[in-house]
Amino acid sequence: MLRETLKEQTFPAHQKTEGTVIRKIKKINNEADYIELLKCFYSYFNAVEKEISPFITSAILPDLDKRRDASYIKKDIEELGGSISDLPPARVPTITNSLEALSAMYVLEGSLMGGPHIIKMLKKRGIERGFSFFEGYGENSKTMLNSFMDTLNKEGKKSTDTDKAVEVANETFSNFGNIFESLSKVN
C-alpha cells in the first residue's frame, strides 16, 4: 500500500520538518509571532494547493470540497489582525500527474494529525485564538484522513512509479521545513 511506503520512506524528512516546526512554535511569544508562523504555513500550503489543483478533482477525491485548505490559514491570520502580505517565498515540487499530486497532498493532509498538539503548544505560549486550520476536521479528522489514505492507496495501485511518489512526498516535506528559515520574528 502506498500509504505505508510513503510513511516508511519519508520518515526522516517528516521528522526533520516536524522538529523545525516544533522549535519555531516553542519560540512564539505573542500573536504577532504566531501570525508569522501562520504566514509560512499559508504560503506553502497555498503554493502546493495551486500546483496539485489540476490533478486533484472530485472524480479522484470525492470529498475534495469538504477538505481544509489554505483559506483556513488565511482566516486565522486575519482573525489575529494580520494579512497575507509579505509572505515568505515557497518552493514546491513539480507535479505532473494525480499520483504525484496525492503524494504531495499526503504531507498536507497528514499534518492535520499534529493540529491538536500544536494548539496545546500554542495555548501554553499564551495564544488563545486563530486555530481553525489546526483544528483540522474536528472530531472527523481521523475519518477524513482515512478517506484520503484510501484514495491514495487506490491511485497507488494504478501506478508502478512509487519511487516518484516517494520523491515528491520527500520534497514536499523538505520544502515545507525550509520555508520556516524565513521567519525573522520567531528565531
Check: In this structure, does Glu49 turn out to be under 23 Å from Glu167 (Cβ atoms) and of a type in the set (Asp, Glu)?
Finding: yes
Checklist line | Every pair of residues 6+ apart whose Cβ atoms lie under 9 Å, when the first sits in region 10-29 and is within 23 Å of Ala104 (Cα to Cα) while the second is acidic (Asp, Glu) and not in a loop (DSSP other than H, G, I, E, B) | finding: Ala13/Glu171; Thr20/Glu181; Lys24/Asp33; Lys24/Glu36
Next item on the list: Could you please let me know if Phe180 is farther than 16 Å from Ile60 by Cα, surrounded by 17 or more Cβ atoms within 10 Å (Cβ to Cβ), touching a Cys at 6+ places or on another chain (Cβ under 6 Å) and of a type outside the set (A, V, I, L, M)?
Entry: yes
Check: When you look at Val92, is it closer than 19 Å to Glu167 by Cβ, under 14 Å from the mean Cα position of the chain (by Cα) and in a helix (DSSP H, G or I), yes or no?
Finding: no
Note to self: So, in region 1-13, how many residues would count as being in a helix (DSSP H, G or I), buried (at least 19 other Cβ atoms within 10 Å of the Cβ) and modelled with pLDDT of 95 or more?
What the structure shows: 2
Next item on the list: Could you please find all residues in region 114-151 being over 14 Å from the mean Cα position of the chain (by Cα), assigned to a helix (DSSP H, G or I), in contact (Cβ under 8 Å) with a residue 40 or more places away in the chain and farther than 18 Å from Arg3 by Cβ?
Entry: Met121, Leu122
Next item on the list: Give the number of residues within region 68-105 that are within 26 Å of Glu8 (Cα to Cα) and surrounded by 18 or more Cβ atoms within 10 Å (Cβ to Cβ).
Entry: 13
Check: Taking region 17-49 as the search range and keeping residues that are among the charged types (D, E, K, R) and exposed (fewer than 13 other Cβ atoms within 10 Å of the Cβ), which one is farthest from Asn170 (Cα to Cα)?
Finding: Lys26
Next item on the list: Report whether or not Ala59 is surrounded by fewer than 22 Cβ atoms within 10 Å (Cβ to Cβ) and in contact with a helix residue (DSSP H, G or I) (Cβ under 6 Å, 6 or more places away or on another chain).
Entry: no
Notebook entry, point to check: When region 120-130 is examined, which residues are found to be surrounded by 18 or more Cβ atoms within 10 Å (Cβ to Cβ) and either under 16 Å from Tyr72 (Cα atoms) or touching a Leu at 6+ places or on another chain (Cβ under 8 Å) (or both)?
Noted result: Gly130
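The values are calculated or read from the model by the stated rules, or taken from the named source; none is laboratory data. Please read all numbers here as calculations on a predicted model, not as lab measurements. All Cβ positions, glycine included, derive from the backbone under ideal geometry; neighbour counts span all protein chains shown.
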